[in-house]
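S.K.: To start, I am sharing the structure in question, which I have written as C-alpha cells.
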C-alpha cells in the first residue's frame, strides 16, 4: 500500500525525511555491528520503498543501485583509514582486483536481465548464508593463503559479481573468504574496504545506465540510483556511525554478531514472504 504520494511536494518532503531516517538507522547499525553500509542499507531501503508503494519490478533495483552509490564515499574513507593503520596488503588486493572488476561488470550486465523478484530472491538467499556464517563461533580454515592467479581470479569474480548484484561492498563476502584462507582478520577487513571502492564505482554506473527510461522509478533517480537517497543517506550514515560504534563498546561483541545475524534472517524471511505472497 502506498503511504506517500511522491508526485507532490509533501510526498517528496516525506520521502526525504524517510531517507534521512534510513541513513540514521544504517549508520547506527553499521557502527554498532561493524559491517559495511550496503548490507544494512539495501534491506532498509527495500522496506522503505515497499511502504512508499514503489513497483515490485523496480523496488530492489533502486535499493541496490542507491546502496552502491552510497558505498563510494564510505569506502574511500574506510580504505584510507585502514591504509594509515597498515592493514592493507597490496599483494592480496592486486591478486583479487582483476577478478573483482570482471565480476562487477558481469553483475552489472546481468542486472539488466534480472527481474525484481529474482534480485530480491538472490539478496534474501545470500543474506541467509551470511547470517548462518555469522552464527558460527569460528571461521573454518580451508587452506593457507590465496590460490594461484586463476583461483584468485575466480574468487574475485564471485565477490565482485554477487556484491554488485546485492548492492554491498566487498567486506561482507571478502572478509569471511579471506579469513577462510588464513589471512589475518585486520588485513581481510582492510582489503574488503578497498574492494568496496572497486565494486561500487562501476556497479553504480551500471545500475544508472541499466535503469535509464525504466518507468515507475522514484523522483530524483538517474537510472536505478536515487539521488535523493544518496544525498540523504551518506551524511546521516557518517554522522550516526560513531554513535553506533560507542554503543558497540558497551555491548558484548558476540551478542552483537548474533543480533545482526537475526536482523539478516528477519530481512530474508520478509523478502521471501513478499516474493511468494
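The values are calculated or read from the model by the stated rules, or taken from the named source; none is laboratory data. All values reported here derive from a predicted model rather than from experimental measurement. Ideal geometry is used to build each Cβ from the backbone, glycine not excepted, and the neighbour counts take in all protein chains shown.
S.K.: Out of the stretch 259-269, which residues are surrounded by fewer than 16 Cβ atoms within 10 Å (Cβ to Cβ) and under 18 Å from residue 118 (Cα atoms)?
M.R.: Residue satisfying the conditions is 269 alone.
S.K.: Using the structure shown, decide if residue 198 is without any contact (Cβ under 8 Å) to a residue 60 or more places away in the chain and either within 24 Å of residue 260 (Cα to Cα) or out of contact with any strand residue (DSSP E or B) (no Cβ under 8 Å at 6 or more places or on another chain) (or both). Give the steps one after another, and end with the answer.
M.R.: On the way: without any contact (Cβ under 8 Å) to a residue 60 or more places away in the chain: no; either within 24 Å of residue 260 (Cα to Cα) or out of contact with any strand residue (DSSP E or B) (no Cβ under 8 Å at 6 or more places or on another chain) (or both): yes.
The answer is no for residue 198.
S.K.: Would you mind stating whether residue 168 is in a loop (DSSP other than H, G, I, E, B) and within 18 Å of the chain's Cα centre (by Cα)?
M.R.: Taking the combined requirement at face value, the residue satisfies it.
S.K.: Kindly indicate whether residue 90 is over 20 Å from residue 172 (Cα atoms), surrounded by fewer than 18 Cβ atoms within 10 Å (Cβ to Cβ) and free of Cβ contacts under 8 Å to residues at least 60 places away in the same chain. Outline the logic, then answer.
M.R.: Values: over 20 Å from residue 172 (Cα atoms): no; surrounded by fewer than 18 Cβ atoms within 10 Å (Cβ to Cβ): yes; free of Cβ contacts under 8 Å to residues at least 60 places away in the same chain: yes.
It is false that residue 90 is over 20 Å from residue 172 (Cα atoms), surrounded by fewer than 18 Cβ atoms within 10 Å (Cβ to Cβ) and free of Cβ contacts under 8 Å to residues at least 60 places away in the same chain.
S.K.: Another question, then. Of all residues in the stretch 46-70, count the ones that are part of a helix (DSSP H, G or I) and at pLDDT below 90. Don't jump to the end; show me each part of the working.
M.R.: Here is the first cut: in the stretch 46-70, the ones part of a helix (DSSP H, G or I) are 46-51, 56-70.
Next, only the ones that are at pLDDT below 90 stay: 46-51, 56-57.
Of the residues in the stretch 46-70, 8 are part of a helix (DSSP H, G or I) and at pLDDT below 90.
S.K.: Taking the stretch 106-131 only, how many residues are surrounded by fewer than 18 Cβ atoms within 10 Å (Cβ to Cβ), in a helix (DSSP H, G or I) and touching a residue at least 60 places away in the same chain (Cβ under 8 Å)?
M.R.: So the answer is 3.
S.K.: If you go through the stretch 129-154 one residue at a time, how many are within 21 Å of the chain's Cα centre (by Cα) and modelled with pLDDT of 90 or more?
M.R.: Residues flagged as within 21 Å of the chain's Cα centre (by Cα) and modelled with pLDDT of 90 or more within the stretch 129-154 amount to 1.
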